[in-house]
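Enquirer: Submitted below is the structure of interest, expressed as structure tokens.
The values are calculated or read from the model by the stated rules, or taken from the named source; none is laboratory data. Remember, it's a predicted structure, so these values are computed and weren't measured experimentally. Every residue, glycine among them, receives a Cβ derived from its backbone with ideal geometry; neighbour counts consider all protein chains shown.
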Amino acid sequence: MMMLSLVDVVVAVVVSYGLWFVVPALWRYYTFCQLVKPFKSKRKSHWLLGHLIHLNFKESILTSVAKLMENNPKKMMIEWMSFIPQLHAIHPDTAAIILKSSEPKPKGRGQPYSLLTPFLGDGLVTSNGPKWERNRKLITPAFHFDTLRSYVSIFNETADILLAKFAKQMSESPESIDVMDSLDLATLDVMLRCSLSYDGDIQKREDHPYVEAVREVFRLTVERLRKPWHLFSWKLFTMSANGKQYVKYVDYMYRFTDELIVKRKKEFADDPSLLQKKQKLDFLDILLTARDDSGIGLTDKEIKDEVNTLIFGGHDTTKAAMGWAIYNYGKYPEEQERVYQEICDVTGDRKNIEWEDIGKLQRMSMFLKETLRLYPSGPATTRSLTKPLELDGVTLPAGTSVRVNFLCIHLRPDVFPDPLEFRPDRFLPENTENRHPYAFLPFSAGPRNCIGHNFAMNEEKVILARLLKRFRIVLDEDHKVLPVPLIMLQSKTGIKVRFEDR
């Protein structure tokens, strides 16, 4: 019998591999492409790049999405990131089906949440299943109204420093100033003080190593998004210069929180009655003492992941929201004046905003909601189907990732007429009573809605009310603002305004 050559063996192995693995994978891919044909996007795609050709950041994402939603009756849409299909729910009906479910967030290679796990760990934003359910229940008391009430003084103290900084900047130069860096420090200061009782003069020390670490992790994550080979391969990313810097900064962030957690645990061990003596609890106090029905608390790793999630997720989203609110105050001076008058009516001669004031700032609340409709800090969320699910007449197979596109829903003219127009009156009670409950999703919805949405809204109301009572905001008309989706929905060019003393 003739012996098989090495070449014959190699060919046989390659052919067998193709028959057993490649061909079935290609067939599944082809079948899926045929299945989702009804969801074809209105936008043209490139044969190789797909719809990536539209992500040039030369046009406002609001303008781009509004064009996409105009005269668009579809409830689902598919766009292509090169050859990778990205399925979007773009209507409240389909969003509700997905967000009401308990389907997990995808964290596999190249999936959106794989970008977050290296620095957020397995906290509430990224965890799934029983772990998420248990930890959500344990962490919920940290956002009880009685706990939130105690943070108002921190919001006011943060505003004192921020307003003094803006006043100093305007006295030194008559030109407009970019508010985003100062807002970044202010919201990070709030989160560090509320989560860890850490007061490190964050707003006054831009050279603080934790500030540098947080900013660089965010920047390097955005850079990673721009290189598909880094997005799909953690190993390749960590071998790159950017990846090595990223790991260095993440390691510092972990050491920073670790040291504070260890210190607090020692304080509790040295004085078991310390918790009862404290007049104000922070998030860490609640995380350390939380117990489930079996009397088991969070592990050290879980506490660290939740603290990092609270700090990183809580400060960036709020910074973006306040930046867009300041932009809209400057762009719509009549609306600014209406909110200012409400603040004066509620607070009188008082400088600080008190807990009881927050619920009375109804015009402020409407203004912020309309800002978040147009500029949701997190413009989308994604779920991975564990079982077949019918959406808009098509049964999608298990394993499909579906993106709930908040921005597309917010800019649908059949949900919000004239969607690019800024109208806070959309949120008057009489205008919201018949609106679909999943039409407005700045904090997502369903069982996995943002646990910190009340905290964030309170922080924004206090700081922005203090700002408006002190200054009139004037928009720099010569500065072009370009909204782009870079993890958060933010201005590529910053937001520049002038502050005039009232």
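This table checks each residue for (1) under 21 Å from Met488 (Cα atoms); (2) in a loop (DSSP other than H, G, I, E, B); (3) modelled with pLDDT under 90.
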position: Met2; (1), (2), (3): no, yes, yes
position: Tyr29; (1), (2), (3): no, no, yes
position: Ala66; (1), (2), (3): yes, no, no
position: Pro73; (1), (2), (3): no, yes, no
position: Glu79; (1), (2), (3): yes, no, yes
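Enquirer: Taking only segment 311-333 into account, find how many residues are under 11 Å from the mean Cα position of the chain (by Cα) and either under 14 Å from Phe455 (Cα atoms) or buried (at least 23 other Cβ atoms within 10 Å of the Cβ) (or both).
Expert: Initial filter on segment 311-333 (under 11 Å from the mean Cα position of the chain (by Cα)): 312-321.
With either under 14 Å from Phe455 (Cα atoms) or buried (at least 23 other Cβ atoms within 10 Å of the Cβ) (or both) added as a condition, the list becomes 313-321.
Of the residues in that region, 9 qualify.
Residues are listed down the side, and each one gets a yes or a no for (1) modelled with pLDDT of 95 or more; (2) out of contact with any Pro (no Cβ under 7 Å at 6 or more places or on another chain); (3) not β-branched (Val, Ile, Thr):
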site	(1), (2), (3)
Phe427	yes, yes, yes
Glu433	no, yes, yes
Phe440	yes, yes, yes
Ala456	yes, yes, yes
Lys461	yes, yes, yes
Leu468	yes, yes, yes
Ile473	yes, yes, no
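Enquirer: Does Thr147 count as crowded, with 21+ Cβ neighbours inside 10 Å, out of contact with any Gly (no Cβ under 7 Å at 6 or more places or on another chain), among the β-branched types (Val, Ile, Thr) and assigned to a helix (DSSP H, G or I)?
Expert: Values: crowded, with 21+ Cβ neighbours inside 10 Å: no; out of contact with any Gly (no Cβ under 7 Å at 6 or more places or on another chain): yes; among the β-branched types (Val, Ile, Thr): yes; assigned to a helix (DSSP H, G or I): yes.
So Thr147 does not fit the description; no.
Enquirer: Oh, and also: Filter segment 69-101 for residues that are among the hydroxyl-bearing types (Ser, Thr, Tyr), at negative phi and surrounded by fewer than 18 Cβ atoms within 10 Å (Cβ to Cβ) and give the result. Outline the logic, then answer.
Expert: Our first condition is that a residue be among the hydroxyl-bearing types (Ser, Thr, Tyr); within segment 69-101, this holds for 82, 94, 101.
Okay, now just the ones that are also at negative phi, so 94, 101.
Scanning segment 69-101 gives a single hit, Ser101.
Enquirer: For segment 173-208, what are the residues that are touching a Gly at 6+ places or on another chain (Cβ under 9 Å), over 16 Å from Glu157 (Cα atoms) and among the β-branched types (Val, Ile, Thr)?
Expert: Val179
Enquirer: Given the criterion surrounded by fewer than 18 Cβ atoms within 10 Å (Cβ to Cβ) and either in contact with a Gly (Cβ under 7 Å, 6 or more places away or on another chain) or over 23 Å from Pro73 (Cα atoms) (or both), identify the matching residue among Pro417, Pro413, Pro397.
Expert: Details: Pro417 fails: either in contact with a Gly (Cβ under 7 Å, 6 or more places away or on another chain) or over 23 Å from Pro73 (Cα atoms) (or both); Pro413 fails: either in contact with a Gly (Cβ under 7 Å, 6 or more places away or on another chain) or over 23 Å from Pro73 (Cα atoms) (or both).
After ruling out the rest, the residue left standing is Pro397.
Enquirer: Taking segment 102-139 as the region of interest, how many residues are surrounded by fewer than 19 Cβ atoms within 10 Å (Cβ to Cβ) and in a loop (DSSP other than H, G, I, E, B)?
Expert: 8
Enquirer: Here's another thing I want to ask about it. Go over the candidates Thr371, Thr386 one by one and state the one that is surrounded by fewer than 21 Cβ atoms within 10 Å (Cβ to Cβ) and either polar (S, T, N, Q) or closer than 30 Å to Lys107 by Cβ (or both). So that I can check it myself, show each step before the final result.
Expert: Working: Thr371 fails: surrounded by fewer than 21 Cβ atoms within 10 Å (Cβ to Cβ).
Going through Thr371, Thr386 in turn, just one is surrounded by fewer than 21 Cβ atoms within 10 Å (Cβ to Cβ) and either polar (S, T, N, Q) or closer than 30 Å to Lys107 by Cβ (or both): Thr386.
Enquirer: Which residue pairs have Cβ atoms closer than 7 Å, lie 6 or more positions apart in sequence or on different chains, and pair a first residue in segment 474-491 that is closer than 12 Å to Gly323 by Cα with a second residue that is of a type in the set (Gly, Ala, Ser) and in a strand (DSSP E or B)?
Expert: Between residues of segment 474-491 that are closer than 12 Å to Gly323 by Cα and residues that are of a type in the set (Gly, Ala, Ser) and in a strand (DSSP E or B), the close pairs are Val481/Ser491; Pro483/Ser491.
Enquirer: Inside segment 471-497, can you point out the residues that are buried (at least 18 other Cβ atoms within 10 Å of the Cβ), among the basic types (Lys, Arg) and touching a helix residue (DSSP H, G or I) at 6+ places or on another chain (Cβ under 8 Å)?
Expert: none
Enquirer: Just name the residue that is nearest to the chain's Cα centre (by Cα) out of those in segment 289-305 that are of a type outside the set (A, V, I, L, M) and more than 12 Å from Arg134 (Cβ to Cβ).
Expert: Here is the first cut: in segment 289-305, the residues of a type outside the set (A, V, I, L, M) are 289, 291-295, 297, 299-302, 304-305.
Filter once more, so that each one left must be more than 12 Å from Arg134 (Cβ to Cβ): 289, 295, 300-301, 304-305.
Working: Thr289: 27, Gly295: 32, Asp300: 25, Lys301: 22, Lys304: 19, Asp305: 16 Å.
Applying the filter and picking the extreme gives Asp305.
Enquirer: Report yes if some residue within segment 277-291 is within 29 Å of Pro141 (Cβ to Cβ), touching a helix residue (DSSP H, G or I) at 6+ places or on another chain (Cβ under 7 Å), among the acidic types (Asp, Glu) and not in a helix (DSSP H, G or I); otherwise report no.
Expert: So far as segment 277-291 goes, yes, one or more of its residues are within 29 Å of Pro141 (Cβ to Cβ), touching a helix residue (DSSP H, G or I) at 6+ places or on another chain (Cβ under 7 Å), among the acidic types (Asp, Glu) and not in a helix (DSSP H, G or I).
Enquirer: Kindly indicate which of Ser233, Ser240 is closer than 26 Å to Pro485 by Cα, among the hydroxyl-bearing types (Ser, Thr, Tyr), surrounded by 13 or more Cβ atoms within 10 Å (Cβ to Cβ) and more than 25 Å from the chain's Cα centre (by Cα).
Expert: Working: Ser233 fails: more than 25 Å from the chain's Cα centre (by Cα).
Of Ser233, Ser240, the one residue that is closer than 26 Å to Pro485 by Cα, among the hydroxyl-bearing types (Ser, Thr, Tyr), surrounded by 13 or more Cβ atoms within 10 Å (Cβ to Cβ) and more than 25 Å from the chain's Cα centre (by Cα) is Ser240.
Enquirer: For a quick check of your reading: which helices (runs of 4 or more DSSP H) sit entirely within segment 333-436 and have at least 2 residues that are in contact with a Phe, Trp or Tyr (Cβ under 6 Å, 6 or more places away or on another chain) and either within 25 Å of Met322 (Cα to Cα) or free of Cβ contacts under 8 Å to residues at least 12 places away in the same chain (or both)? Spell out the reasoning first.
Expert: Working: elements: 333-347, 355-358, 362-374, 406-410, 429-432.
Because the criterion is at least 2 residues that are in contact with a Phe, Trp or Tyr (Cβ under 6 Å, 6 or more places away or on another chain) and either within 25 Å of Met322 (Cα to Cα) or free of Cβ contacts under 8 Å to residues at least 12 places away in the same chain (or both), the helices (runs of 4 or more DSSP H) in segment 333-436 that meet it are 333-347, 362-374.
Enquirer: Count, please, the residues in segment 198-232 that happen to be assigned to a loop (DSSP other than H, G, I, E, B), in contact (Cβ under 8 Å) with a residue 12 or more places away in the chain and in contact with a Lys or Arg (Cβ under 8 Å, 6 or more places away or on another chain).
Expert: 2
Enquirer: Moving on. In the set Arg403, Arg383, which member is of a type in the set (D, E, K, R), under 15 Å from the mean Cα position of the chain (by Cα) and closer than 26 Å to Gly129 by Cα?
Expert: Values: Arg383 fails: under 15 Å from the mean Cα position of the chain (by Cα).
Sole residue among the options that is of a type in the set (D, E, K, R), under 15 Å from the mean Cα position of the chain (by Cα) and closer than 26 Å to Gly129 by Cα: Arg403.
Enquirer: Further question on the same structure: Evaluate segment 163-183: report whether one residue or more is touching a helix residue (DSSP H, G or I) at 6+ places or on another chain (Cβ under 8 Å), surrounded by 19 or more Cβ atoms within 10 Å (Cβ to Cβ) and assigned to a loop (DSSP other than H, G, I, E, B).
Expert: Yes; the residues of segment 163-183 include at least one that is touching a helix residue (DSSP H, G or I) at 6+ places or on another chain (Cβ under 8 Å), surrounded by 19 or more Cβ atoms within 10 Å (Cβ to Cβ) and assigned to a loop (DSSP other than H, G, I, E, B).
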